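Chemist: Pasting a structure below so you can have a look.
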Amino acid sequence: MIDYQGFLDGIDRKAYHEGEFQWEEDGYTVTRTYQYSPPGCHNSCGVLFYTKDGKLEKVEGDPLSPWANGKLCVRCLALDEAVNNETRLKYPMRRVGERGENKWERISWEEALDEIEQKVRTIWEESGSEYIICVHGTGRNINWQMPYFGAAALKTPNIGTMFFAGFACYIPRVVGLAATMGDYMLVDASMNSEKRYSDPNWRPPEVVMIWGNEPLKSNADGYMGHWLVPCVQMGTKIISVDPRLTWWGARAEYWLPLRPGTDGELALAFLNVIISEDLIDHEFVDLWCAGYEELSARVLQEQYTPEAAAEICGVPAEDIRGAARLYANAKPGAIQWGLALDQQLGAMSACLAIADLMAICGNIDVPGGEIIVRNAFDMDMGPASGEEHIPPEAMARKLVYSTLGGNERDFVAHAASSAVLNAIETGEPYLPRMMWIQSSNALSCAGMAAPRVIEALKKIEYIVYADPFITPTAVAAADLMLPVAMSPERNSARVWWTPLRTMSKVCDFYEAKSDEEIIIAVGKRLNPEAFPFETDVDFINWFI
């Protein structure tokens, strides 16, 4: 049984210099800050950076940070090895051989900026700003900076995390909740309270259904998996929906090893049991739910019974019934879901059905259930930021799903990956001429069909690639490489849910510049009115 208050009371706060941001200790300068990418994950853990003579020597977790309470994974514990790795990109480099030969010459930042400015202005004048594609990686501390850069500096509407079709990561779950509930929710593991598990207004979930997710390994979507471990120690029961036997499945009341891709059928069977046995939260449904009668009529059909689902999912009908009853009777219950739901043909249907499960059991916006989460201080500088700087004629030619000839509607401000790739391959409605890729290694990560992506990149006239390392994408496609600073080498701010966290620069690496510094340098060349910032700190303070 966890004693969280005992843990807090046991911290030697004097030894950890409570209230101080920086101090000297045993010949080191110690800086209390937060780690965020690069490299990293969707989270941002409290760290203590130990530096000596301007070099990062050691990283420890900060037990005074309520986000992770001093816990760190190998990304942070081995950060000094990554930061000081001599194979990193050290200087701006121009390609001198053919693409793919990995032959480069060192140039100065001024030369690089001159070349970039000349290329961009030429494309603006000859074709239009929509002929530039701005690519950034997933939300690892460039998700507020890069959309603004693409729109305000490059003046292009074609900005996004490219080369995975249909946003098959996270977005189906976000939209599944937004479409049905108008907001987004997470399992309440006390993370919104500074007092965490000792907050008297919080209670652990009675049941957590962990569905298509291994939170301890992935720590995905701004959610730390180990937050749920104290809940289990406090009595939370687990239902594991996963073809694999995970840490959670080994401790579960029910492990449901369903056939991959049949999640929607299982969710409908859960709804069938809960509605047919009248296990719904009547007060919540009456006050807050629309369309319940239609949902009930649909899921009570014979094709959605546990017996029917068992044939499709490969899970015994009695286990489906037992798990549904356990979840429905929990006050509160919660569902922790993951990427497996996004990357299947029935993604949206499954996500919508699971959202219905959360609602009819009354687990919305209650302590220990599914709590509504928003960014700290309602800070939200999202994919549409800076659009006022895009010429109207360029915005009208944005590559979106309707560009492909269908009637699909876009649900985020990004350009559509499928439409961009199609435009490059076919030249319709136009062939993009330049691509700016920052902290996105499409060939190894986001590109679902790497050979297809390589062939497409060959058709792009000019590609700028910014990253801490020389990656396969850089070797295959870049004409100009820019060295990006890693987390301890940058000042930055991060808000994804709570709290607002800032990062403090503690070291340098050759001529690497932070994402913020690169954005300002290029932005001041191309559109100085939109970039009145003299330093990265000015930019960050403007964001905050």
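Chemist: Under 15 Å from a label point 7 Å along Cα→Cβ of residue 55: give me every residue in the stretch 444-485 with its amide N that close.
Modeler: Of the residues in the stretch 444-485, none has backbone N under 15 Å from the label point off residue 55.
Chemist: Give me the Kirkwood hydrodynamic radius of the stretch 465-518 in Å, from all C-alpha pairs, to one decimal place?
Modeler: Its Kirkwood hydrodynamic radius stands at 12.4 Å.
Chemist: Let me ask something additional. List, in order, the whole-Hz ³J(HN,Hα) value for each residue of the stretch 307-316 obtained from phi through the Karplus relation with A = 6.51, B = -1.76, C = 1.60 and θ = phi - 60°; use x for Gly and Pro.
Modeler: 5, 5, 5, 4, 5, 8, 8, x, 10, x
Chemist: To the nearest 10 Å², what's residue 542's accessible area with a 1.4 Å probe?
Modeler: 120 Å²
Chemist: Please list 231, 73 in order of solvent-accessible area, largest first, computed with a 1.4 Å probe with all protein chains present.
Modeler: The ordering from most to least exposed comes out as 73, 231.
Chemist: In the chain, what % of DSSP beta bridges are antiparallel (nearest 5)?
Modeler: The antiparallel fraction comes to roughly 45 percent.
Chemist: Here's a follow-up. Given a 1.4 Å probe and every protein chain left where it sits, what share in percent of the accessible area of the chain is carbon and sulfur?
Modeler: Roughly 51 percent of what the probe reaches on the chain is carbon or sulfur.
Chemist: Taking only protein heavy atoms and a 1.4 Å probe, what accessible area per residue, in Å², does the stretch 421-544 have with all protein chains in place?
Modeler: Value returned for the stretch 421-544: 34 Å² of accessible area per residue.
Chemist: Here is a further query. How much net charge surrounds residue 246 when only other residues with a Cβ under 13 Å from its Cβ are counted (Lys, Arg +1; Asp, Glu -1)?
Modeler: Counting the neighbours of residue 246, the net charge comes to +1.
Chemist: Run through the DSSP bridge list for the stretch 454-544 and note the antiparallel percent, rounded to the nearest 5.
Modeler: 40 percent
Chemist: I'd like to check one number: the per residue accessible area of the stretch 70-147, probe 1.4 Å, reported in Å² as a whole number.
Modeler: 47 Å²
Chemist: Then there's this: Pull out a ≥ b ≥ c, the square roots of the eigenvalues of the alpha-carbon gyration tensor of the stretch 201-267, then state rounded if a/c is under 1.5, prolate if not and a/b is larger than b/c, and oblate in the remaining case.
Modeler: prolate
Chemist: Which of rounded, prolate or oblate describes the stretch 39-191 when judged by the alpha-carbon gyration tensor and an a/c cut-off of 1.5?
Modeler: oblate
Chemist: By per-residue mean of other Cβ atoms within 10 Å, what is the highest-first order of 449-458, 263-272, 334-343?
Modeler: Averaged packing, sorted descending, gives the order 263-272, 334-343, 449-458.
Chemist: Considering only Cα-Cα distances, which of the following residue pairs are longer than 32 Å: 119/217; 90/398; 52/103; 90/524?
Modeler: Violating the 32 Å Cα-Cα cut-off are 119/217; 90/398; 52/103.
The values are calculated or read from the model by the stated rules, or taken from the named source; none is laboratory data. The shown structure was predicted, so the numbers you read here are calculated from the model rather than taken from an experiment. Cβ: placed from backbone, ideal geometry, glycine included. Neighbour counts: every protein chain shown. Just the protein is used for accessible areas: all its heavy atoms, side chains included, with ligands, DNA and RNA removed. Shrake-Rupley method; radii C 1.70, N 1.55, O 1.52, S 1.80 Å.
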